[in-house]
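The values are calculated or read from the model by the stated rules, or taken from the named source; none is laboratory data. Here the structure is a predicted model, which means the values were calculated and not measured. Cβ sites come from the backbone with ideal geometry, for glycine too, and all protein chains shown count toward neighbours. Surface areas here come from the heavy atoms of the whole protein model, side chains and all, with no ligands, DNA or RNA. Shrake-Rupley method; radii C 1.70, N 1.55, O 1.52, S 1.80 Å.
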Amino acid sequence: MARYILRRLGYMIVTLFIIATLSFFLMKMLPGSPLNAEDKLSEEQKAIVLEKYGLNDPVPVQYVRYLTGLVQGDLGISFKFDNTPVTQILMDRIGPSALVGFQAMVIGTILGIALGLIAAVFHNGFLDYTSTIIAVLGTSIPSFVFAGLLQYVFAVELGWFPVALWGEPEHTILPTIALAITPLATAARFIRTEMVDVLGSNYMLTAKAKGISQAGRVWKHGFRNALIPLVTVIGPMAVNIMTGSMVIEQIFAIPGIGEQFVSSVLVNDYPTIMGTTLLYAFAFIVIILIVDLLYGLIDPRIRVTGGNK
Amino acid sequence: MSKLLEVKDLRVSFNTYNGEVQAVRGVSFDLNEGETLAIVGESGSGKSVTSSTLMGLLPKPAGVIKSGQILFQGEDLVKKSEKEMQKIRGKEISMVFQDPLSSLNPTMKIGNQIIEGLIKHQGMNRAEAKKKAIELLDQVGIPHPEIRVNQYPHQFSGGMRQRVVIAIALACNPKILIADEPTTALDVTIQAQILELMKEIQRDTKTSIIFITHDLGVVANVADRVAVMYAGKIVEIGTVDDVFYNPKHPYTWGLLGSMPTLDAEDEELYTIPGTPPDMLNPPKGDAFAPRNEFALEIDAVMEPPMFKVSDTHYAATWLLHKNAPKIEMPESVRRRIEGFAKTGKKGGE
Amino acid sequence: MENNNLNNLPKDLFKPLVRKEDTSETISKPSRTFGQEAKRTFFKNKPALISLMLLVIIIIMSIVGPHMTEYGNDDQNLSRAKLPPHAPVLEKISWLGFDGTLTDDFKGSTVEEAKRKAILRFDKENKGKFIDFKVKSKGNGERNSAKVEATYHVYEAKGMGDQYFWLGTDHLGRDQWTRLWLGTRVSLIIAFVAALLDLLIGVAYGGISGFFGGKVDNYMQRVIEILVGIPNLVIILLMMLFMQPGIMSIVIALAITGWTGMARIVRGEVMKVKNQEFVLAARTLGTSNGSIIRKHLLPNIMGIIIVNTMFSIPSAVFFEAFLSFIGLGIVPPKASLGSLINIGFQNLRIYPHLLVYPAILISLIMITFNILGDGLRDAFDPKMHK
């Protein structure tokens, strides 16, 4: 197990290093510098600014400085937004993103599991078809289309929620629902397939032969076996939420990282864009790692092949 | 010996996309207390369907009991509700399945899988049940049961897993144990151990066993009585001696003749030509007739009834009718049976 | 068990059976090839068939749709900006929303105040000449107690009563119908090309890796392992920043990330098939690599490749829309479904029609491709053949 974790950590560092290097050289090639914002500066002032950003040094020196900065959590300084350090910009905005993303993940997964279980237990019945339709719609309809529908119906027409406002807990409701729909549908589809398999397995027959009631079989034997593999789709689901958050935050005016990213794109603020990209990459890779380790922990079969015994 | 289980004219069908598959077509037999009845037949003969019908484990909604009675201690199991069956399954009748690899829940400790039934049927608390589980593991010959009880199925070998499955089935001292090809998925050496274990269990607990198998060698080893099934029907039933030394049905002749033994030296094995019939539209008359070299004209018209050979021995073949021509079993089969008698061994024992 | 009437059976029945012809082993069903079975299963799948038909209609419309009106993609005219949908014939049925009017509720302390608000919003110059009012609540003088429903006849007000913009116009006065189908065309082209590139690169990479195995496979898999570790989103975003935005860049960005999934699946399948006995048998008979690939490997992995491609199309449609939505995709004045949706969102409150149609269309495309993919997967699954 320890060797496995070490190997995975190694891969993770290699991946992050590649992304960081890629983004550094892309940034070097892209037009734009801190000077764009301050066009009216004199030559001397420009030189001072460049010196301040360390842009007069040779590229390898900058590269090393960039990497050491990254290790210490320094993502550089924004060209725009009052030249604030990117790390600080992102720190200020991580709260709302994390809140909505987490809510969406939890609600989406729980409802999705429930939907998938219902569908499997009533295999080929009315409830199964209903939840299959919900799942197909949920995986197909892009979250921003869904967000538009929610916004129009519940905010514009019914006026139950503000159209786009941030601050109160109820402001998180519509964006959470919009974001939750994809993980919900993913989980529902996945659990349904798994559960149908599990319900048809021999050990469920053994349990029936023991005289266990259907509810008892589904709960004690089926649930756990169907749930364990769900861990494997948590990674893709998290990525979905990250992708979705960029547009959802934009649509509902949530002061989060996704919204920051889109506004940075509009003003060509490369350090912020790169910083955000790196943050996304980091978050994704860490989530995948945690998920894999978690999988090993909750599935007794993997625990042993991991080398514990 | 008193009758524990009486099966009367049981008919089971599966409704499939292509139509109705008649898996079991009128099976009747009795099971006495403390005896082992073997049901033998090739795949598709309906032997496994019969056994899962006894347990009420037919896959719903495809599997349907068309008619018949399953009288267990005088009560008809066919008429019982699912709820009532839950009280019988595992407690009165329990089952050992073919594939020990997949019949245990991979994410549940062995102990918990044994305990489940004990808590449900015997009203034990967890501590008592766990103690009993350890005893059971010990009884089925698993070393270090107190450690093993906390392990997961993948930590056991195939043979060990089958022992665990047997322990689960025995947990509540059932009156009937149905073993559905319990040794088929195992290595030959392990097979012998499991058979030995089942014999031991029967000696100790006096449980009646219904042993489903396609392997005649295994039958001779464990059974008191044998029922031979073909195309959803019992074609011959009798004590082991009846069926092995005095077989009457041509299908039984075929089965005995096609069994390889160590004694049969450079002798050719007898083969049964053709394949089993399509149970979607079973043939008119005797289902075995198309493969039977001794078939009579009447076989194509009418199904043979059970003819009595002796008090314990019945066979469904027109050859036993008083008007039928005298037909003896093929020479190779006869020599095979004489071989059994000489060595006092039956089949692959 | 013996009964009396058994004794009365005619004696001549107890003669050895004379066999006419052995019918026990005739094959009762006509044999079908795998392809025929797959086709049969697919054509029995109603949702998949309907999806296929809808998709064909959408594709045809994306080709002919823009030519059905007289307006071009970039015919800007601010004087006719943000017109509501107005279609001949359909305009007669008011609830369909093709009558060229804008309708909304206005509130005020009196009916008059509410009407004033409506005029202020819709049409200041004509002082409400082209607005029909329907009083829903008279009000009692309290704030927002009165409510009127105002219906503004936009086309009449602008003196364009004889002009028809079937789906209205956008904020620059461009015909939404034309742009919707042009946008669909762009989105579909991007999706198809990206999926095709995924297919080519993925099958080649996965095929080589799986077929040759050993060291080659080992190195190729390490490369993929690292690539897969980098989230697609990140690579796509970086690529889009680096390249000039446009159709080509989106296709390249999608293709660069998309092929890894296909490569892994193809490799897995090739490995599986390659080790099966019938391939070994072909090898021992001296069959060349080329014909093993052609005759044994390809037919066996074809299904999974087609299904996977079917699923990569909607995901490309989604990513294109996503990129265009956040401003990294298609550059104006070109339209795509994503950019149309973006414009729709900016006008959601008053002109929801700008969002509704592109949103419906992209959802339809995604849903139909997904159902079609599911249908094909079932069709290629021998277990589903009945």
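Here are some notes:
- Size of the range B:1-88 as Cα extents on the principal axes (Å, biggest first): 44, 32, 18
- For the range A:86-302, relative contact order (Cα pairs under 8 Å, six or more residues apart, normalised by length) works out to 28 percent.
- Surface share of carbon and sulfur [accessible, 1.4 angstrom probe, percent] for the protein assembly as shown: 60 percent
- In the A-B interface, the accessible area buried, summed over both sides, Å² (probe 1.4 Å): 2200 Å²
- Mean Cβ neighbour count within 10 Å, used as a protection proxy, ranking C:299-310, C:52-63 highest first: C:299-310, C:52-63
- Mean projected area of the convex hull spanned by the Cα atoms of the protein assembly as shown, taken over all viewing directions: 58.0 nm².
- Here each label is just a point 7 Å from Cα along the line to Cβ, and for B:Lys199 and A:Asn268 those points are 9.0 nm apart.
- Length-normalised contact order for the range B:100-173 - Cα pairs under 8 Å, 6+ apart - percent: 46 percent
- In this assembly, the A-C interface accounts for approximately 3400 Å² of buried accessible surface in total, computed with a 1.4 Å probe and without ligands, DNA or RNA.
- Viscosity 1.567 mPa s, 4 °C: Kirkwood-radius Stokes-Einstein D of the range B:42-199 over Cα pairs, µm²/s: 78 µm²/s
- Considering only C:Ile236, C:Thr260, C:Phe322, the residue lying farthest towards the positive end of the dipole of the range C:176-384 is C:Thr260, judged by Cα position with unit charges set on Cβ.
- The distance from the alpha carbon centre of the range A:165-198 to that of the range C:280-315 is 38 Å, rounded to a whole number.
- In Hz, Karplus ³J(HN,Hα) per residue of the range C:272-280 (6.51, -1.76, 1.60; θ = phi - 60°; x = Gly, Pro): 5, 5, 4, 8, 7, 4, 5, 6, 4
- Exceeding the 29 Å Cα-Cα cut-off - candidates A:Lys208/B:Lys130; B:Lys47/C:Lys46; B:Lys79/B:Lys308; B:Lys3/B:Lys248; B:Lys80/B:Lys120; B:Lys60/B:Lys120: B:Lys47/C:Lys46; B:Lys79/B:Lys308
- Reduction of at least 30 Å² in accessible surface, 1.4 Å probe, comparing all protein chains with the chain by itself, residues of the range B:64-108: B:Gln86, B:Arg89, B:Phe97, B:Ser102, B:Ser103, B:Asn105, B:Pro106, B:Thr107, B:Met108
- Within 10 Å of the Cβ of each residue in A:277-284, the mean number of Cβ atoms contributed by other protein chains is 4.
- Interface residues of the range C:318-357, defined as a loss of at least 40 Å² in heavy-atom accessible area between the chain alone and the complex of all protein chains with a 1.4 Å probe, are C:Phe318, C:Phe322, C:Phe325, C:Ile326, C:Phe345, C:Leu348, C:Arg349.
- Sequence of A:Thr276, C:Thr41 when ordered by accessible area, the most exposed leading, probe 1.4 angstrom: C:Thr41, A:Thr276
- Using θ = phi - 60° and Karplus 6.51 cos²θ - 1.76 cosθ + 1.60, couplings along the range A:173-184 (whole Hz; Gly, Pro as x): 5, 4, x, 4, 4, 4, 6, 6, 4, 5, x, 4
- In terms of the mean number of neighbouring beta-carbon atoms within 10 Å, the peptides C:235-244, A:190-199 order highest first as A:190-199, C:235-244.
- Assigned charges on the beta-carbon of Lys, Arg, Asp, Glu; the protein assembly as shown dipole about Cα centre (debye): 760 debye
- Under the Debye formula (equal points on every Cα, no solvent term), log10 I(q)/I(0) of the range A:86-302 at q = 0.10, 0.16 Å⁻¹: -0.52, -1.07
- Remark: accessible surface ordering of C:Tyr351, A:Tyr129, C:Tyr152 (largest first) is A:Tyr129, C:Tyr351, C:Tyr152, probe radius 1.4 Å.
- Length-normalised contact order of chain B in % [C-alpha pairs under 8 Å, at least 6 apart]: 19 percent
- Per the accessible-area calculation with a 1.4 Å probe, the total area buried between chain B and chain C rounds to 2000 Å².
- Partner chain coverage, peptide B:297-304 - average Cβ within 10 angstrom: 4
- Protection proxy ranking, peptides C:143-149, B:52-58, average beta carbon neighbours within 10 Å, highest first: B:52-58, C:143-149
- Candidates B:Asn173, B:Thr53, B:Asn292 compared by Cα position along the dipole of chain B: farthest toward the positive end lies B:Asn173, with charges placed on Cβ.
- Cleavage-rule hits (chymotrypsin sites (Phe, Trp or Tyr not before Pro)) in the range B:6-113: DSSP loop, at most 10 neighbouring Cβ within 10 angstrom: B:Tyr17
- Listed residues A:Phe161, A:Leu230, A:Ala135: farthest to the positive end of the dipole of the range A:86-302 (Cβ charges): A:Leu230
- Calculated from backbone phi, Karplus (6.51, -1.76, 1.60) coupling profile of the range B:55-71 in Hz, x at Gly/Pro: 8, x, 10, 4, x, 8, x, 5, x, 10, 7, 6, 6, x, 10, 10, 8
- Compactness of the range C:176-384 is given as radius of gyration and Dmax, 20.2, 73 Å, from Cα positions.
- Legend: mean number of C-beta atoms from other chains within 10 angstrom of residue C-beta atoms, peptide A:259-270, equals 2.
- For the range A:44-90: rounded, prolate or oblate by the Cα gyration tensor [a/c cutoff 1.5]: oblate
- The alpha carbon convex hull volume per residue for chain B rounds to 148 Å³.
- Computed over protein heavy atoms with a 1.4 Å probe, the accessible surface of the protein assembly as shown works out to 47 Å² per residue.
- Applying a DSSP loop filter and a limit of 15 other Cβ atoms within 10 Å to the GluC sites (Glu not before Pro) in the range B:287-345 leaves B:Glu293, B:Glu328.
- The range B:100-173: C-alpha pair distances exceeding 14 Å, %: 51 percent
- Helix-only mean residue ellipticity at 222 nm for the protein assembly as shown, each DSSP H run of n ≥ 4 adding -39500 (n - 2.57), per residue, nearest 500: -17000 deg cm²/dmol
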